[in-house]
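What follows is a short report on a single structure.
The values are calculated or read from the model by the stated rules, or taken from the named source; none is laboratory data. Owing to the predicted nature of the structure, the values given are computational and were not obtained by experimental measurement. When we count neighbours, we look across all protein chains shown, and the Cβ atoms used for this are built from the backbone with ideal geometry, even at glycine.
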Amino acid sequence: MSETLTYLTVALGVFIAVIYPLIRGYITKEFPATAGALPPWVKKYAMLFLFSLVTALIVLAVYRSSNPSTVLTFWQALVLGFGWEASIEKILVKPPLAPPLRAS
């Protein structure tokens, strides 16, 4: 697989991981109808897509720096992108506080 196709596949994995919960939300709640111009949510999703592409580039750079001669298959690159999005989310999102322990 070429570097460009590998990058795009990693980007697809990241994009799927990011967009999947949003699609679920869309299914459960429709966007309000708008007439004429693009709906206001388009800009939000365009920025989300751009973030996914930049994240995929970072993921591919990290992977290539430790595995420069490995050839990734489509499915490996897809899983790599999906898994890294979850890791980035865990790094950036503050974990909830654990309840205090009670003495027995």
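Sub-7 Å Cβ pairs linking a first residue in segment 47-72 that is within 17 Å of residue 16 (Cβ to Cβ) to a second residue that is assigned to a loop (DSSP other than H, G, I, E, B), at least 6 apart or interchain, are 72/1, ordered by first then second residue.
Residues in segment 50-67 that are touching a Phe, Trp or Tyr at 6+ places or on another chain (Cβ under 7 Å) and exposed (fewer than 15 other Cβ atoms within 10 Å of the Cβ): 57 only. Every test in (1) modelled with pLDDT under 85; (2) not in a helix (DSSP H, G or I) is passed by residue 51 save one, and that test is (2).
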